[in-house]
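The structure appears right after this line, and notes come after that.
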Amino acid sequence: MSIIPWRKHAPATTTATTTPQLSNFQQEVNRLFQNFFGDLSPSFESFTSFPSVTVSDIGNEVVVTAEVPGMDADDIEVTAEGNVLTLTGQKRDEKREEKENMYRVERSFGSFLRRIQLPTNVDDSAAQAELHRGVLTLHLPKAAGERSRTIKVVPK
């Protein structure tokens, strides 16, 4: 006499061709992939944004730094509207190498668009931007009418 473990019946949506062995195999394959690669379910934390950005609220200005290695100032466009900063850029790179009996061309193209919500509205007319060694630094003065204020709550 053999002992067979009890298994819950498959739901009605499962096709008649699915056998318990196939179902077990599918579960084992899923478990192996999850153990090897980790949880593959999409989440907002798993997506990395380019470029990496740091936003600092310093006194009368907001300072934003963005890492854009290998890009020139002409490749980057920065716009500020209210409290939203938009960084866009496009990189086109082509390297050619010609030697006797060899010809090689490598091309890389890419673009990005990143919108960052700033902690306050900024005065875009007085903003300054500089690019040094692959780091874009933006100095964005806060808009004049954007002082924080406390609103008193009155009981009714």
Considering region 53-71 alone, what residues qualify as being closer than 13 Å to Ala129 by Cβ and either free of Cβ contacts under 8 Å to residues at least 24 places away in the same chain or open to solvent by 40 Å² or more (accessible area, probe 1.4 Å) (or both)?
Glu61, Thr65
Would you pick out the residues in region 60-118 that are touching a Leu at 6+ places or on another chain (Cβ under 8 Å) and of a type in the set (Val, Ile, Thr)?
Val62, Val63, Val64, Thr65, Val68, Ile76, Val78, Thr79, Val84, Thr86, Thr88, Ile116
Condition check: farther than 19 Å from Asp57 by Cβ, part of a strand (DSSP E or B), among the acidic types (Asp, Glu) and at pLDDT 90 or above. Does Glu94 satisfy that?
no
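Might you let me know whether region 145-154 holds any residue that is among the acidic types (Asp, Glu) and modelled with pLDDT of 90 or more?
no
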Pull up region 102-119, narrow it to residues that are assigned to a strand (DSSP E or B) and in contact (Cβ under 8 Å) with a residue 60 or more places away in the chain, then point me to the one that is farthest from Met71 (Cα to Cα).
Ile116
Scanning for something at pLDDT 90 or above and either more than 17 Å from the chain's Cα centre (by Cα) or surrounded by fewer than 14 Cβ atoms within 10 Å (Cβ to Cβ) (or both), does region 99-112 turn up at least one residue?
no
Subset of region 80-94 [within 14 Å of Ala129 (Cα to Cα) and open to solvent by 40 Å² or more (accessible area, probe 1.4 Å)]:
none
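The values are calculated or read from the model by the stated rules, or taken from the named source; none is laboratory data. Just so we're clear, the structure is a prediction, and the values are computed from it rather than from any experiment. Note that each Cβ is placed from the backbone with ideal geometry, even for glycine, and that neighbours are counted across all protein chains shown. The area values use the complete protein model at the heavy-atom level, side chains included, leaving out ligands, DNA and RNA. Shrake-Rupley method; radii C 1.70, N 1.55, O 1.52, S 1.80 Å.
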